[in-house]
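One structure is given here, and the rest of the page talks about it.
The values are calculated or read from the model by the stated rules, or taken from the named source; none is laboratory data. Nothing here was measured: the structure is a model prediction, and the numbers come from that model. So basically every Cβ, Gly included, is an ideal-geometry build from the backbone, and we count neighbours across all protein chains shown.
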Amino acid sequence: MKSNKSLMRKAHFLGTKIRNLRKRNRLTMEDLSARCIKIDPESAPSVSYLSMIERGKRVPSEEVLSLIASIFQKDIKWFLDDVPEEDAITPNKGSKGGINGMALEPNFLFSNDILQIAIPEMLSQTGTSGRQFAHLLIRAHQEHNQNHFPDLERAAEEVGLKRLPLSLEDIIAITKNMGLKIKWFHKTPQSALDGVGIDTQSVVTSFFEPPNQININQLMKNQPHRLKYDLAVHIGHCVLHDKNGLRNVLVAGRNEISPLQDPTVQSQSSNVDPHDILHAWRDFECSFFAGALLCPKVPFRQLLDRNGYEIGSGQIAGVSESVAMRRMTAVSPYPHWHYFDAYAPGKLKAVYRGNGIPLPWGNMRLVQDPCQHWAVFRMINAPLEGTSSQISILNVGDEPRIYSCESIKVQDFAGNNHVLCAGIDLNPAINAQGNDALSLANDLKQACVKNGGSSSIPKAIKSDLMSIAKILNINWVERGIDNEARLICSRGAVCPRTPSCYEPCTV
């Protein structure tokens, strides 16, 4: 290297590589700075300078880079763009949820100014509204934290005192103690509908009217579980946001359809309005608060443990299947969960992927080649009652993973059928018992391939999976093991079945 200017032109991934190397070696920035000082006190970077290097705000001198390279036993050229090495530049999520993503480098292309220009253009070209994008940001935040929000849990526990179950009378008493009034309505006022973006398959169940009135659809009198949830959401709105006057409109049904899903729906603005972000965040906070109020973490976890994580545990807690299944993902000591709320055709209304499972369908647009072998979608098209358990094998990247899930078909308040699905990634549990999850998953995958896409689980694999099911104490994992395992894919273009379910996708 002849100059720092020459280095700058080759250092777009340098900061990410240093950060990932440091974290893989379990070094803090203080540790790395100290190691550098030990070798060369004069050239050693400070902690603040290291931070700027890792964030792409500074390009180190040749001396500093040589120092860091010697600590990690790397050739100095390894840190430059010519040797990208994807493992070195892809952020490692560690114990966090969500899917590993691309490194946001070079830094100057991912600056706030550039993103503020590019994002509205991207949304406009894809037909994504600002409101949808806001909810996507919130979901990514939720998945990154694997549904761990202790401040919201504590706020709910202070109100509900960790009682389980809370009766409708208990919830009404809490609303009255907070100075809130309940008023029933027959027809939704137009003022509550304006700007909500709902379709004809949706119904407004309740809305908050400042300063202290909760308006509730009279049809909710026959839906005590839903009524409790709505009241809990409005209580959360008041506790967390101090009745600040924002309209808090709750809607049941398949609402917020994208223009790409239904051409009769007028396109919403692609501008990312600050209020879209604020409303999405408050929607999430109030919803999470409501679940924590109705199913406090420790008592609900104990209830699930006693009942083997059966969906019917929600009835004991006095909540709907949806609330029970979403709370499973938050209170379980096992963190690798996913949850889908699916409507036909091709609509995921709610999504949570703390285990990084790829999306089979979208919640913003229809896909051309959806895999129909996912349990959640098989149940949509089947006249089944009760629940359905399934063991699935899915390639994530180039690695096969084993998933187990439980699905149930329900009807929403607006009368629409939809399917709820809660599932877990079994690979981490298999590895935790000292077994090779990838080898086991590949063996199960090959058994399914030989049988056209599904297969009874071989005896040896079944024994290993049964042990995992008992350790996790989840009954539906055991039931799924007794059924055939199924190959699934994220898109038909990568269908692992022979023959393939779809022709190669050209879209």
Q | Top-ranked residue of segment 418-470 - restricted to ones that are of a type in the set (Val, Ile, Thr) and part of a helix (DSSP H, G or I), ranked as surrounded by the fewest Cβ atoms within 10 Å (Cβ to Cβ) | A | Val449
Q: Scan (1) in a helix (DSSP H, G or I); (2) among the acidic types (Asp, Glu); (3) within 21 Å of the chain's Cα centre (by Cα) for the single condition Asp305 breaks and write down its number.
A: (3)
**Q.** Sole exception among (1) within 23 Å of Glu153 (Cβ to Cβ); (2) part of a loop (DSSP other than H, G, I, E, B); (3) of a type in the set (A, V, I, L, M) for Met325, by number
**A.** (2)
Q: Of all residues in segment 208-251, count the ones that are of a type in the set (A, V, I, L, M), touching a Lys or Arg at 6+ places or on another chain (Cβ under 9 Å) and surrounded by 19 or more Cβ atoms within 10 Å (Cβ to Cβ).
A: 4
Q.
Among the residues in segment 362-377, are any assigned to a loop (DSSP other than H, G, I, E, B), in contact (Cβ under 8 Å) with a residue 60 or more places away in the chain, under 20 Å from Ile481 (Cβ atoms) and not polar (S, T, N, Q)?
A. yes
Q: Return a yes/no flag: does segment 455-472 have any residue that is polar (S, T, N, Q) and in contact (Cβ under 8 Å) with a residue 40 or more places away in the chain.
A: no
Q.
Quick check on Asp170: is it in a helix (DSSP H, G or I), touching a Ser or Thr at 6+ places or on another chain (Cβ under 6 Å) and modelled with pLDDT of 90 or more?
A. no
**Q.** Given (1) exposed (fewer than 14 other Cβ atoms within 10 Å of the Cβ); (2) part of a helix (DSSP H, G or I), number of the condition Thr498 does not satisfy
**A.** (2)
Q.
Suppose the filter is in the same structural domain as Ser404 (by TED's automatic domain parsing) and surrounded by fewer than 22 Cβ atoms within 10 Å (Cβ to Cβ); does Gln368 pass it?
A. yes
Q) Is it true that Ile408 is outside any loop (DSSP other than H, G, I, E, B), over 19 Å from Ala493 (Cβ atoms) and of a type in the set (Val, Ile, Thr)? A) yes
**Q.** Answer residue from segment 63-109, given it is assigned to a helix (DSSP H, G or I), at pLDDT 80 or above and not aliphatic (A, V, I, L, M) and is surrounded by the fewest Cβ atoms within 10 Å (Cβ to Cβ) among those
**A.** Lys77
Q. Given the structure, is Ser46 more than 33 Å from the chain's Cα centre (by Cα), surrounded by fewer than 19 Cβ atoms within 10 Å (Cβ to Cβ) and modelled with pLDDT under 90?
A. no
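Looking at Arg327, Arg282, which one is under 24 Å from Ile174 (Cα atoms), of a type outside the set (S, T, N, Q) and at pLDDT below 95?
Arg282
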Q) Counting only residues that are among the small types (Gly, Ala, Ser) and at pLDDT below 90, how many does segment 49-60 have? A) 1
Q: Would you check which residues across segment 399-415 are more than 27 Å from Val203 (Cα to Cα) and surrounded by fewer than 22 Cβ atoms within 10 Å (Cβ to Cβ) and list them?
A: Glu399
(Q) Suppose we filter segment 471-486 for residues that are of a type in the set (Val, Ile, Thr), part of a helix (DSSP H, G or I) and more than 13 Å from Ser388 (Cα to Cα); how many remain? (A) 1
Q. Name the residues in segment 134-148 that are buried (at least 17 other Cβ atoms within 10 Å of the Cβ) and out of contact with any helix residue (DSSP H, G or I) (no Cβ under 6 Å at 6 or more places or on another chain), would you?
A. Arg139, Gln142, Glu143, Gln146
